[in-house]
Amino acid sequence: MENNLTADNQQDWIKKSIEIKASDDKVWNTLTHPGHVEQWAGAFQEGTIVETDWGENSIITWKQKDGQNGVKGRIEVIYPGKMLKINYFDDINSPDDAETGAFKEHYLLTEHQGCTTFTIETGPLDKEHIDKMKDQWDEALKIIKEVSEAQ
């Protein structure tokens, strides 16, 4: 397993990291447990939930409060407690076997002496989405940190 993230053109990607005083397993639980996901994903849209079985090549759908699909993708790589790479479809109504688009999210967890660095890379995005999502990711990272450290 390569323990790094890859993004082609960094200028149209968001990359953020946060130090969390918790094991990578606790941070992973925060990122993937449905009750915790709803907490931190609320930074993007209140009431957001995720539907997936967290398997490699599985479909992942972020649903809005009203049950509508918000974003839909496919898990490209998953190493529980270490790494998650998601490729998203250009159209939320794409069939599950369709080709994914350019938009991706990469999550990397690196634990050292009981502390975990969580890094998110997401993109490529246009300037408008970068400006909006930077603040949303700042809020999401704060929540991920709080929830992980409280476990």
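The values are calculated or read from the model by the stated rules, or taken from the named source; none is laboratory data. None of these values were measured; they are calculated from a predicted model. Positions of Cβ are backbone-derived with ideal geometry, glycine not excepted, and every protein chain shown enters the neighbour counts.
General observations
- Val71 vs. criteria of a type in the set (A, V, I, L, M) and touching a residue at least 40 places away in the same chain (Cβ under 8 Å): no
- Among residues that are under 16 Å from Ile18 (Cα atoms), charged (D, E, K, R) and either in a strand (DSSP E or B) or touching a Gly at 6+ places or on another chain (Cβ under 6 Å) (or both), Glu111 is included.
- Residue in the range 55-62 that is outside any loop (DSSP other than H, G, I, E, B), at pLDDT 95 or above and farther than 18 Å from Leu31 by Cβ present: no
- With respect to the conditions (1) free of Cβ contacts under 8 Å to residues at least 24 places away in the same chain; (2) in a helix (DSSP H, G or I), Gln39 lacks only one, and its number is (1).
- Test: residue in the range 121-132 that is in contact with a His (Cβ under 7 Å, 6 or more places away or on another chain) and either farther than 17 Å from Val37 by Cβ or not charged (D, E, K, R) (or both): yes
- Annotation note: of Ile86, Ile49, Ile75, the sole residue that is surrounded by 18 or more Cβ atoms within 10 Å (Cβ to Cβ), farther than 22 Å from Ala22 by Cβ and in contact with a Lys or Arg (Cβ under 7 Å, 6 or more places away or on another chain) is Ile86.
- Conditions (1) free of Cβ contacts under 8 Å to residues at least 60 places away in the same chain; (2) assigned to a helix (DSSP H, G or I); (3) surrounded by 13 or more Cβ atoms within 10 Å (Cβ to Cβ); number of the one not met by Leu141: (1)
- Among the residues making up the range 109-132, those that are surrounded by fewer than 20 Cβ atoms within 10 Å (Cβ to Cβ) and either of a type in the set (S, T, N, Q) or within 12 Å of the chain's Cα centre (by Cα) (or both) are Thr110, Gln113, Thr117, Thr119, Glu121.
- Test: residue in the range 95-108 that is of a type in the set (Val, Ile, Thr) and within 22 Å of Glu46 (Cα to Cα): no
- Selection status of Thr100, at pLDDT 95 or above, part of a loop (DSSP other than H, G, I, E, B) and of a type in the set (Val, Ile, Thr): yes
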